Structure formats: structure tokens, C-alpha cells
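K.L.:
Next up is a structure, given as C-alpha cells.
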Amino acid sequence: MSVEELPRSSPGERGSDARRARSGILLPVLFAVYLALLTWIVIWKLEIPFVGTGDLRQLKLVPFAPSACDGASAPSEVVVNVLLFVPFGVYLGLLAPAWSWWRSAAALAGASLAMEVVQYVLAVGSSDVTDLVTNTAGGLAGLGVLALARRKLGPRASAVMSRICAVLTVLALLAAAIVVVSPLSFSPPRDVLVAGQDASGERTGAASVERRRLERAAHAQYCRENPF
């Protein structure tokens, strides 16, 4: 067969192949950006990453119910946790469409568990089973949204959902930037007491600073020993 006889792709087909190639590169990059932003939100609450003291290390093993040191999970916090992980499920479904639902659920739960463990190890907040449950539920909801889109849109579903994920990821980055430059703070107060001045800026003596530090340490120890 001569070169002239070889089948040639049309301009439309070449354009479609180019778009698929760009999507194959862009989608993993967007997922990586989303994961980085999600980790920053969950672990450090959009604060400058830090390693806390033992005073901030708390563990809550009973989901949704109040514990000895923490109240019941606020409905608004539950909703936010679910919404934060919905894109995770969509991205996972787009990047690994051949995975079974239980494998995807295991990946979602594993990612959430890893974040809770990091919070505990770094002592940067409360490690809560409620977060593990709601985060996994949010990811599964994202898989459900993608499945519904595939049923309604057919072959166009992946392209449409990829564009939606791209737009939402960019908007999330812009929102995070606005929060960072604003005076808002969502992280727990850190132990920054020093002799001569406390965290609120009031003058205090070294003995008072040490007494407050010991009280906070005792409270944290009690919470660790009584997680239920």
C-alpha cells in the first residue's frame, strides 16, 4: 500500500484527538491542585502550615455525638465536610472509570483517614471519626453525581464534568486566596504564650504563662484519655 493510499484522519478527528490529549494531561493536574488545596483546608484551615503542641492534639471516636471534651458535630460543619469531598469523588470517577464502587470507596476513606492521622500526629486539630464518615460520604456523592451525568449526557459526560471540575477548582483557589488575605481565621488557637505577653497581647508574668500552659496540657491529656 502506497503512502497515498493510507487512510487519513479528517481535521475534525485530529482536533478531537488533540482535545482528548490536553484533557488527559489537564485533569490529573487539576486533581493534584484540588488535593493540595483540600489538604491545606482540612489540616491547617488555610493557615500557614505549622506543627502544633500536644495541647491541640484531640481524638474523638464517636461520630456526631458529644464527647467529654467536644460538643456534638455542628450541622454546618457536617455539610461543609461533605461538600469538600464531592469533587474528590468526581475526579476519582473521571480518572479511574474502571474502578468498582467499593474500591473507590476504600480510596476515599483511606484519603480521609490519612488526613485525620496527619492532624493527630502534627497536633494541629481534632481527629474526628465524624469527619471520616462525612468526607467519605461526600466522595461517594461525587461518584453518584458523575454516574447520573453519564446516564443523562452519555459520551459527553466526561468532557462536561471535566470542565465543571476545572471551573470549580479555579473558583476554590480564588476563594482560598481571598480568605488568606482576609483577617478571618478558622484554625484552633496555637500555644504561643511567652513570658511578658500572652496570645491576646496582655502583659503577664512567667509564672502565669507556665500555669496556663500546664492547665492546657492537663486538659489535652484528659481529652486523650477520655475520647468518648
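The values are calculated or read from the model by the stated rules, or taken from the named source; none is laboratory data. Keep in mind the model is a prediction, meaning the values are calculated, not measured. Note that each Cβ is placed from the backbone with ideal geometry, even for glycine, and that neighbours are counted across all protein chains shown.
K.L.:
Among the numbered criteria (1) outside any helix (DSSP H, G or I); (2) among the small types (G, A, S); (3) modelled with pLDDT of 95 or more, which single criterion is violated by A141?
P.N.:
Unmet for A141, out of (1) outside any helix (DSSP H, G or I); (2) among the small types (G, A, S); (3) modelled with pLDDT of 95 or more: (1).
K.L.:
When only residues in segment 148-190 that are surrounded by 14 or more Cβ atoms within 10 Å (Cβ to Cβ) and of a type in the set (D, E, K, R) count, which is modelled with the highest pLDDT?
P.N.:
R150
K.L.:
For segment 32-51, check the following and say yes or no: at least one residue is within 22 Å of the chain's Cα centre (by Cα), of a type outside the set (D, E), under 23 Å from G154 (Cα atoms) and at pLDDT 95 or above.
P.N.:
Just the residues of segment 32-51 that are within 22 Å of the chain's Cα centre (by Cα), to begin with: 32-51.
Keeping just the survivors that are of a type outside the set (D, E) gives 32-46, 48-51.
Cutting the leftovers down to under 23 Å from G154 (Cα atoms) gives us none.
Taking every residue of segment 32-51 in turn, none turns out to be within 22 Å of the chain's Cα centre (by Cα), of a type outside the set (D, E), under 23 Å from G154 (Cα atoms) and at pLDDT 95 or above.
K.L.:
Which ones in segment 100-128 are free of Cβ contacts under 8 Å to residues at least 12 places away in the same chain and in a helix (DSSP H, G or I)?
P.N.:
W102, R103, A106, G110, A114, V117, V121 - these are the residues of segment 100-128 that are free of Cβ contacts under 8 Å to residues at least 12 places away in the same chain and in a helix (DSSP H, G or I).
K.L.:
Right, another one. Quick check on my filter: what residues within segment 96-128 are farther than 17 Å from L38 by Cβ and touching a strand residue (DSSP E or B) at 6+ places or on another chain (Cβ under 7 Å)?
P.N.:
Residues of segment 96-128 that are farther than 17 Å from L38 by Cβ, as a first pass: 96-103, 105-106, 120-121, 123, 126.
Y120, S126, listed by residue number.
K.L.:
Given (1) assigned to a helix (DSSP H, G or I); (2) at pLDDT below 95; (3) surrounded by fewer than 19 Cβ atoms within 10 Å (Cβ to Cβ), identify the lone condition not met by P97.
P.N.:
(1)
K.L.:
Kindly indicate whether L193 is surrounded by 11 or more Cβ atoms within 10 Å (Cβ to Cβ) and either touching a strand residue (DSSP E or B) at 6+ places or on another chain (Cβ under 7 Å) or modelled with pLDDT of 95 or more (or both).
P.N.:
Values: surrounded by 11 or more Cβ atoms within 10 Å (Cβ to Cβ): yes; either touching a strand residue (DSSP E or B) at 6+ places or on another chain (Cβ under 7 Å) or modelled with pLDDT of 95 or more (or both): no.
In short, no.
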